Structures are given as C-alpha cells and as structure tokens.
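Single-structure report; data block below.
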Amino acid sequence: MQLLLRPLTLLVAMGTLPALGKDGPKTAPPEGPSRVTLTYLGTAGWILSDGRVTIVIDPYVSRLRFSEVLGRKLEQVPGDQRALHSETDPLKPDEAAIDRRIPKADYVLIHHSHSDHLLDAPYLAKKRGAQLIGHESATNIARAGGVPDSQLITVRGGEDYEFGSFSLRVIPSLHSTLSQKHYHDSRIAPRDIKLPLNLDGYLEGGSLAYLIRFGGRKILTFGSMNYIERELEGLRPDVVLVGTNRSQVENHDYLGRLIRVLERPPVVLPTHWDDLWLPFETPQTEALKRLETFRKEVHALSPETQVIIPRYFEPLELPPVKPR
Ligand SMILES: [Zn+2]
C-alpha cells in the first residue's frame, strides 16, 4: 500500500490531483488493481479494505442467542454462555464484540434492516465516525441509535455515487423468500422510531444490492437469497458475494440465472450461508455441507469461476483481476 500511497500523496501535493475539499471527497481513485481484503463476520457481514479505506457490510457480530424465531424453537448448544433472548425482548448490540471485531470503519453499507443486518451498525458508525448508507428504514433506525444526520446517506436503488476512494452503484433487490414464499413486509421504519426494538421491530424496509468499484475491482454484494435479474444485466462484476442458504430453492433456477446474468464472474464467495443462531465457536457442519453443493453447482455453471469459502474473521486477499 505504501507504494500506492506515496505517489498519490505526492500528486496531491503537486496539485495534479484535487485534494479533499469541503464539498466532499474529490480524490481520484488509484489506477489499476490494488491489494484488497475481504473478512467474513458471519451472517451477511463483511469487512472490505484496501489498507486505507474500510467498508463494512451488514455487520452482525453481536450474534444474539434466541430461544425461538418465527415460532420455530431453535436448537440450543450445550455450554453456550450467551444471554438467551425471546422474540419480544428488546435487542441491544454487543458493544464489546463490535469494538473487538471491527476496529475500523469508514463506510457501513446496509442491504436491509432486519436485525441480523442492522443491529450493530448504528453503534459501529457512531464509534468509528463512519458514513452509514442504506434504505430509509436503515437510516431512520440508525438516527434513533444516535448516528448524526451528517453520517447518514439514504438511498433507494438506482444511485451511482462517487466517494473518491470507491464508487457505489445501488441496485434494487429482493429479500429471501421466507415462510414458503408467504413472507411479505412493505412497512418502513418511521422517522420517529425509538430504540431498542425487538426482533419484529427491525423491519426489512426493502432490499438492496451494491456494486462497489474499489481497488481496481468491481465487487457485487448481496445480503439475501434473492435478486432482480434485469437489474444485474451488464454489471460484469469481478467478485460476487452470493447469498446462499436453504431458502434459495424457493427461487426458480436461483444460481443458474444469477451466474449467467453476471456473465460468469471470476470470483464468487458465499454469504449468509452459516447458521446465524449458533455461536461463532460451534462448527458449521450442516452449513459447510451445503457450501460443498454450492461450490459444485457454481463450477457446473461456470468452470472457470473460483469459489472461495471464507472463515470467520480471517482476511482473504482477493486474487488479481483478469481483464473481462
Ligand atoms: Zn432479512
């Protein structure tokens, strides 16, 4: 990173590149691919970093323990020391876990506002001074959590924003099917919402995908097991975080349509694949079996695609990009 930082700093000093002004970041992004790491936080959470800028996606390291969810009793792990929650309990983020697991954040992106995507984000954005980007529900809940308006960017899908160190295309998307396709919730968290909320209080608020152009790569992220196929035409991402879990089978040809519309992306990482009710220490035996099937299905659709299976909290360096 030093090699990239020094010439850029020099160019800014020489006046050939615009420096940060009061109208916001205007620095041109570095040319060509740089070292970019992705760190999996469990559920749909990731840290994306080029060593200078850190983008955190759907952080949920609180990973709360529940007795039941959507009327389904959850299997409990012997020796699990975490506090047990019911669906009606007010939810609070585990601030110590967030401090320990996410030491830096410049931007926080939210795919949708369910608690397993949003619970940790307001505290994280406040603590690290990060800009939080999400739908109206996400930014209303974040404001209720004490994030100042100057750190909230509300999007609806269709935006293509320049942030200097990266650019962000916001893509309208769909939530996973739940309850055998009977789940539907069009409510939006209102501006006067108060925290804490229980599980039901974290409304979906609509779903988004993001195309992040960062470190010379195009990284497409999903937070759920669904998408709008026509919104993905022509994106040709280098790296895709593909939502995969049991509910994907409710969609017709879920992986086939996705891999084809993305024109067989070079690198795929699964996201939202683990059993989020289990503590981090418990082996994800069933989920890892499903991932082997996922890997085989992606390879059958696109033999050249590299499928990378992440481990919790271990930074993965993205392979160099090949011209597409
Ligand atoms: Zn959700």
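Determine, yes or no, whether Glu87 is within 16 Å of the ligand (Cβ to nearest atom) and surrounded by fewer than 16 Cβ atoms within 10 Å (Cβ to Cβ). Judged against the criteria, Glu87 is a match. Filtering segment 150-187 to residues that are farther than 30 Å from Asn251 by Cα and in contact with a helix residue (DSSP H, G or I) (Cβ under 7 Å, 6 or more places away or on another chain) leaves Gln151, Leu152.
Pro279 - would you say it is more than 19 Å from Val77 (Cβ to Cβ) and not in a strand (DSSP E or B)? Spelling it out, it is not the case that Pro279 is more than 19 Å from Val77 (Cβ to Cβ) and not in a strand (DSSP E or B). Summed over segment 215-230, residues that are of a type outside the set (Gly, Ala, Ser) and either under 16 Å from the mean Cα position of the chain (by Cα) or at positive phi (or both) total 8. Within segment 182-230, the set of residues being part of a helix (DSSP H, G or I), crowded, with 16+ Cβ neighbours inside 10 Å and of a type outside the set (A, V, I, L, M) comprises Gly201 only. The C-beta contact set for segment 81-93 (first residue within 24 Å of Gly146 (Cβ to Cβ), second residue among the charged types (D, E, K, R) and surrounded by 12 or more Cβ atoms within 10 Å (Cβ to Cβ), distance under 7 angstrom, 6+ apart or interchain) comprises Ala83/Arg65; His85/Arg65; Pro93/Asp120. From the set of residues in segment 160-181 that are of a type in the set (S, T, N, Q) and surrounded by fewer than 16 Cβ atoms within 10 Å (Cβ to Cβ), which is farthest from the ligand (Cβ to nearest atom)? Residue satisfying both the conditions and the ranking: Ser167.
Figure legend. Inter-residue proximity from segment 97-109: first residues at negative phi, second residues of a type in the set (Phe, Trp, Tyr) and in a helix (DSSP H, G or I), beta-carbon distance below 7 Å, spacing 6+ or different chains. Indicated pairs: Ile98/Tyr123.
Among the residues of this structure, Ser179 counts as one that is among the hydroxyl-bearing types (Ser, Thr, Tyr) and at pLDDT below 95. Considering Tyr210, Tyr202, the condition of being within 16 Å of the ligand (Cβ to nearest atom) and in contact with a helix residue (DSSP H, G or I) (Cβ under 6 Å, 6 or more places away or on another chain) is satisfied by Tyr202 alone. Of everything in segment 231-263 that is among the hydrophobic types (A, V, I, L, M, F, W, C) and assigned to a strand (DSSP E or B), the residue that is farthest from the chain's Cα centre (by Cα) is Val239. Restricting attention to segment 267-286, the residues that are surrounded by 13 or more Cβ atoms within 10 Å (Cβ to Cβ) and hydroxyl-bearing (Ser, Thr, Tyr) total 2. May I ask you to list the residues in segment 109-143 that are assigned to a strand (DSSP E or B) and away from the ligand (no atom under 16 Å from the Cβ)? Once the filter is applied, which keeps residues that are assigned to a strand (DSSP E or B) and away from the ligand (no atom under 16 Å from the Cβ), segment 109-143 yields Gln131, Leu132, Ile133. Of all residue pairs spaced 6 or more apart or on separate chains, those with beta-carbon atoms under 6 Å, a first member in segment 156-178 that is more than 24 Å from Gly216 (Cα to Cα) and part of a loop (DSSP other than H, G, I, E, B) and a second member that is within 16 Å of the ligand (Cβ to nearest atom) and among the charged types (D, E, K, R) are His175/Glu204; Thr177/Glu250.
The values are calculated or read from the model by the stated rules, or taken from the named source; none is laboratory data. If you're wondering where the values come from, they're calculated on a predicted model, not measured in any experiment. All Cβ positions, even for glycine, are placed from backbone atoms using ideal geometry, and neighbour counts span all protein chains on display.
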